1. What angle, in degrees between 0 and 90 and rounded to the nearest 10, separates the Cα long axis of helix 187-204 from the longest principal axis of the Cα atoms of the chain?
2. Sequence neighbours fewer than 8 away in the same chain don't count; with that in mind, list the lysines whose C-alpha is under 23 Å from K13.
3. Return the sequence-ordered ³J(HN,Hα) values of the stretch 242-257 in whole Hz as given by the Karplus equation 6.51 cos²θ - 1.76 cosθ + 1.60 applied to θ = phi - 60°, using x for Gly and Pro.
4. For the chain, find the longest principal axis of its Cα atoms and tell me its angle to the long axis of helix 66-75, 0 to 90°, nearest 10.
5. List the residues, sorted by chain then number, that are 5 or more residues from G160 or on another chain and whose placed amide H is less than 5 Å from its amide H.
6. Going by how many other beta carbons lie within 10 Å of each one, how would you line up D58, D266, fewest first?
7. Are there chymotrypsin sites (Phe, Trp or Tyr not before Pro) in the stretch 88-135 that DSSP puts in a loop and that have at most 13 other Cβ atoms within 10 Å, and which ones?
8. Determine the dipole magnitude for the stretch 1-158: charges of +1 sit on the beta-carbon of Lys and Arg, -1 on that of Asp and Glu, nothing else is charged, the reference point is the Cα centre, and the result goes in debye to the nearest 20.
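Values quoted throughout were computed directly from the atomic coordinates according to the rules given, and no laboratory measurement underlies them. Nothing here was measured: the structure is a model prediction, and the numbers come from that model. Here the Cβ positions follow ideal geometry from the backbone for every residue, glycine too, while neighbour counts run over all protein chains shown.
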Amino acid sequence: MQAHSDEMRCLGKKIVFVPTMGFLHEGHLSLMREGLRHGDYLVVSIFVNPTQFAQGEDLDSYPRSLERDLELVEKEGAGAAFTPRENELYPEDFQTYVSLESLPRHLCGISRPTFFRGVTTVVSKLFNIVKPHIAVFGEKDYQQLIIIRRMVRDMNFDIGIVGAPTIREPDGLAMSSRNAYLTKAQRPAALSLYKSLLKAKTIVQSRIIKAARVIDEAKIIITAHAETDIDYINVCDPRTLDDMPIIDRPALMALAVRVGKTRLIDNVLLVP
Ligand code: PAF
């Protein structure tokens, strides 16, 4: 992959990179399309990264569909798909990790304390292997996006990071490979995440209010459904992820909720 990227760079290509864990959906495809607006040689990686799963999480059952994924990647006009095996990225004596100080200690990082270390480690490795000029990440994983931006800045990776908007199902559910776990009966519960975010947007519109007010409303909407278990609902500064008790400037409202065994996340920007 490194030799191939060197060759493409010598040919004057601008390499855009979309890292994924596969089981591709419209959200991933939109990242690829966004990528091709910023460069002319698209590389997509497909790798279910073990270091971002903790013991007891869904590493083994994570949905996989490599053949179908490769067809989709080709259809989107990618020049290459990078699909390493686990022992190629993590040989037996692997012992170097990349981690950030404070950004991972918020939101998802509280209940998944080793998750972002796994993400930043594998993304650093993929950046060094794929050697892109630009990489695209979805805003659905907002915390991941700003952690990658910070890592790129702090570690002087010579790569531009592009954020792409969340793609939703027609009913509003944010697209995610994990949606495949949801049963039909769980769908209304899954939708309650976005409904609570929309409600918050309406409440906040054109007034300054306490974050607790929108968080309480969200809790009511979500817990009205059986099988929901709230991990967190937060209103925070979009740059630092520090709590914002008063929404007197644009704030990120982010939440993570378990619906049955499926952990879902979503977020919106609240603008008073
Ligand atoms: O967002 C994802 O799918 C993963 O966290 C990523 C960036 C591909 C790293 O494994």
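1. 70 degrees
2. Straight-distance partners of K13: K75, K125, K131.
3. Ordered by residue, 3J(HN,Hα) equals 6, 3, 10, x, 10, 8, 10, 7, x, 10, 8, 9, 10, 8, 9, 9 Hz.
4. Its long axis makes an angle of about 80 degrees.
5. Here I134, A135 satisfy the definition.
6. On the way: D58 14, D266 22.
Exposure proxy ranking, most exposed first: D58, D266.
7. Here the sparse-neighbourhood loop sites are F94, Y97.
8. Values: 18 positive and 22 negative charges, 113 e Å.
Using only the charged Cβ atoms, the result is roughly 540 debye.
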